[in-house]
Amino acid sequence: MKNFRFARSLAFGTICLMAMAFSTGGAAAPESFRVQIQLIWGTNDQDSPDPKHKPVEPEVAKKLKQLPLKWSHYFVVNKKSLQTTAGAEKKASSIA
């Protein structure tokens, strides 16, 4: 009977350790990654009213055209990159 309790406790401990490893991704320290934020102007006009605005990249334009938005042309007003970690909160201040 003692062996059964020991085996059951060992199995439970192993499952808990595996769950902890999977929930943290198996990494001891959080990985950082880069996030890019873009403020985009949408319009049906061929050109943006501000000559400083540049057209969005083709892959971004393709994704935007798949959305149910009413505009057909998109321009980057401002772009910002942030370095952050999973679960962290960070403000992207003054992007406009």
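Laboratory data are not the source of any read-out in this text; all were calculated from the coordinates shown. Just so we're clear, the structure is a prediction, and the values are computed from it rather than from any experiment. Here the Cβ positions follow ideal geometry from the backbone for every residue, glycine too, while neighbour counts run over all protein chains shown.
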| task | Within the set of other residues whose C-beta is less than 12 Å from the C-beta of T43, count the net charge using Lys and Arg as +1 and Asp and Glu as -1. | result | -2
| request: Give me the lysines in straight-line cross-link reach of K91: C-alpha distance below 20 Å, same-chain residues under 8 apart excluded. | output: K79, K80
| Assigned charges on the beta-carbon of Lys, Arg, Asp, Glu; segment 31-86 dipole about Cα centre (debye) | 80 debye
